[in-house]
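The structure appears right after this line, and notes come after that.
Taken together, the values in this text are just the output of simple stated rules run on the coordinates, not laboratory data. Small disclaimer: the values here were computed from a predicted structure and weren't measured. Here the Cβ positions follow ideal geometry from the backbone for every residue, glycine too, while neighbour counts run over all protein chains shown.
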Amino acid sequence: MSDAKTSPTVEASLTALAVSLRGVTKAYDNGVMALGPFDLAVRKGEFISLLGPSGCGKSTALRLIAGLSAASSGTVRMSRHEGPAQKIGHGIGFVFQEPTLMPWTSVRENVRLPLKLGGVPKAEGRARADAALASVGLADFADAFPRELSGGMKMRVSLARALVTDPDILLMDEPFAALDEITRFRLNNDLLALWRSLGKTVIFVTHSVFESVYLSQRVVVMTARPGRIQADIRIETLEPRGEEFRTSAAYSDYCRRVSAALAPSYSGQSML
C-alpha cells in the first residue's frame, strides 16, 4: 500500500491501458499554465479519482482525454474497442457537474440525444435509452420531464445519457458535488454497482477526500496549478464495498493518508 510519485501502471503494456498521458501540458491563450507536465496511466476497467484543489487542472485533464481540448505538448492516447461506441461518442461518456438536460423534452429523449445525433434509428434509440434508464434505476420515469425530477434523479439521467452509447471510458467531473450528503452516498453506492456490472474504465474528478477513497481503486492526488501528480495511492480493500467499508478503520486510515498527501497543495481551503 505504498504511495508513489507516478502511477504504478506506467510500465504496463499499452494493450492493458485504457488511457495514457505522457508529458502532457496545457497552457491557455492568456498565459495560464493549467496542467503539467502530467503523466497518468489508467488500466482498462479501473476506477480512479483525480483529487486536488480548485484550478489544479483536474477538469482540464478530463477534457484532454475526451478530445474536447488539445494538449499544448505531450501525448494523450486511448485504447477503445471497435463497434457502435467507436462511431458514436468515440468510446467516451462524459458526465458533467451539472446535468444540462433539455427542459422541453422527456427524460427518454434526453438520454436518446447522443444516439439521435449519431444517426441511430428512432426505435433502436428509444430501446437503448430505456435500457440505460433502467440501469440507473429510472425505468419508471422515461416519460417524465426534467422539472419533475429531484437533483439526484437529474444526475442519474445525465449518467444514463453518458452510458447509452456503451462507452469504454466514463469521465465524471464532480457529478455529485451539488447534492445533499444522503443522496451523494446513495449515488456513490449505485455508481460502484454499475462499475462492477458494466466493467467500464472510470476517471472521476472530486474535491472530496471521503468520496475519492470510498469509490476508487486509486486516488491520484494533484498539486496546485499547474497540476502535476503529487501522489498515487492505491486503495486496497475487499470487494464489493459498502457501508461497512465507509465506517471501517481501513477507510479512516486511507482518508488520513490521502489528506496528508493533499495538504501541501492547499492554502486555507477545505480538503473534505
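Out of all Cα-Cα pairs in the chain, roughly what percent, to the nearest whole number, are more than 22 Å apart? All intermediate terms of the calculation are to be shown ahead of the outcome.
Numbers: 20701 of 36856 pairs.
Cα-Cα pairs in the chain separated by more than 22 Å: 56 percent.
Step through the residues of segment 149-154 one at a time and calculate ³J(HN,Hα) from phi using the Karplus curve (6.51 cos²θ - 1.76 cosθ + 1.60, θ = phi - 60°), rounding each to whole Hz and writing x for Gly and Pro.
Values per residue, Gly and Pro as x: 10, 6, x, x, 5, 4 Hz.
Given bins 10 angstrom wide, list per bin the percent of all Cα-Cα distances in segment 128-197, short to long.
Final binned percentages: 19, 56, 24, 0.
Given Cβ point charges of +1 (Lys, Arg) and -1 (Asp, Glu) and nothing else, what value in debye, to the nearest 20, does the dipole of the chain about its Cα centre take?
Values: 32 positive and 27 negative charges, 114 e Å.
Dipole of the chain, to the nearest 20 debye: 540 debye.
Towards the positive end of the charge dipole of segment 103-166, with charges on Cβ (+1 Lys, Arg; -1 Asp, Glu), say which of 117, 144, 160 has the farthest Cα.
117
Using a 10 Å cut-off around each Cβ, can you sort 155, 33 from fewest to most neighbouring Cβ atoms? Each step should come with its number before you reach the end.
Details: 155 26, 33 14.
The order, fewest Cβ neighbours first, is 33, 155.
Counting other beta carbons within 10 Å of each Cβ, put 68, 51 in order, fewest first.
Details: 68 13, 51 30.
So the ranking, lowest neighbour count to highest, is 68, 51.
What relative contact order, as a whole-number percentage, does the chain give when Cα pairs under 8 Å and 6 or more residues apart are counted?
On the way: 537 pairs, mean separation 72.9, N = 272.
Relative contact order here is 27 percent.
Which value in deg cm²/dmol, rounded to the nearest 500, describes the helix-derived mean residue ellipticity at 222 nm for the chain, given -39,500 (n - 2.57) per DSSP H run of n ≥ 4 and division by the residue count? Don't jump to the answer; show the numbers that get you there.
Details: 9 runs with 94 residues, N = 272.
After summing the helix terms and dividing by residue count, I get -10500 deg cm²/dmol.
Take residue 116 and residue 70, extend 7 Å from each Cα along the Cα→Cβ direction, and tell me the distance between the two endpoints in nm.
So the two model labels end up 3.2 nm from each other.
Give the cross-link partners of residue 58 among the aspartates and glutamates, using a straight C-alpha distance below 12 Å as the criterion and excluding same-chain residues fewer than 8 apart.
Cross-link targets: 173, 174.
If you average the sequence gap of Cα pairs under 8 Å that are 6 or more apart and divide by the length of segment 67-179, what percent do you get for the contact order?
Working: 162 pairs, mean separation 46.8, N = 113.
The value is 41 percent.
Can you compute the label reach from residue 260? Point 7 Å from Cα along the Cβ direction, backbone N cut-off under 11 Å, restricted to segment 209-236.
none
Stretched out fully, how many nm does the piece from residue 236 to residue 123 gain, at 0.36 nm a residue minus the Cα gap?
36.3 nm
Compute the distance in nm between two label points, each set 7 Å from the Cα along the Cα-to-Cβ direction, one at residue 244 and one at residue 97.
Spacing of the two 7 Å Cα→Cβ label points: 3.6 nm.
Just add up the charged neighbours of residue 33: K/R +1, D/E -1, any other residue whose Cβ is under 14 Å from the Cβ of residue 33. List each step's numbers first, then the result.
Working: positive: 26, 225, 228; negative: 29.
For residues surrounding residue 33, the net value is +2.
Report the full-extension gain for the segment residue 139 to residue 27: residue separation times 0.36 nm, less the Cα-Cα distance, to one decimal in nm.
The residue 139-residue 27 span can extend by a further 36.0 nm.
Of 260, 106, 93, which is farthest along the charge dipole of the chain in the positive direction, counting Lys and Arg as +1 and Asp and Glu as -1 at C-beta?
Result: 93.
Which net charge results when you count Lys and Arg as +1 and Asp and Glu as -1 among the other residues whose beta-carbon is under 11 Å from that of residue 195? Don't jump to the answer; show the numbers that get you there.
Working: positive: 196, 200, 241; negative: 46, 190, 239.
Net charge around residue 195: 0.
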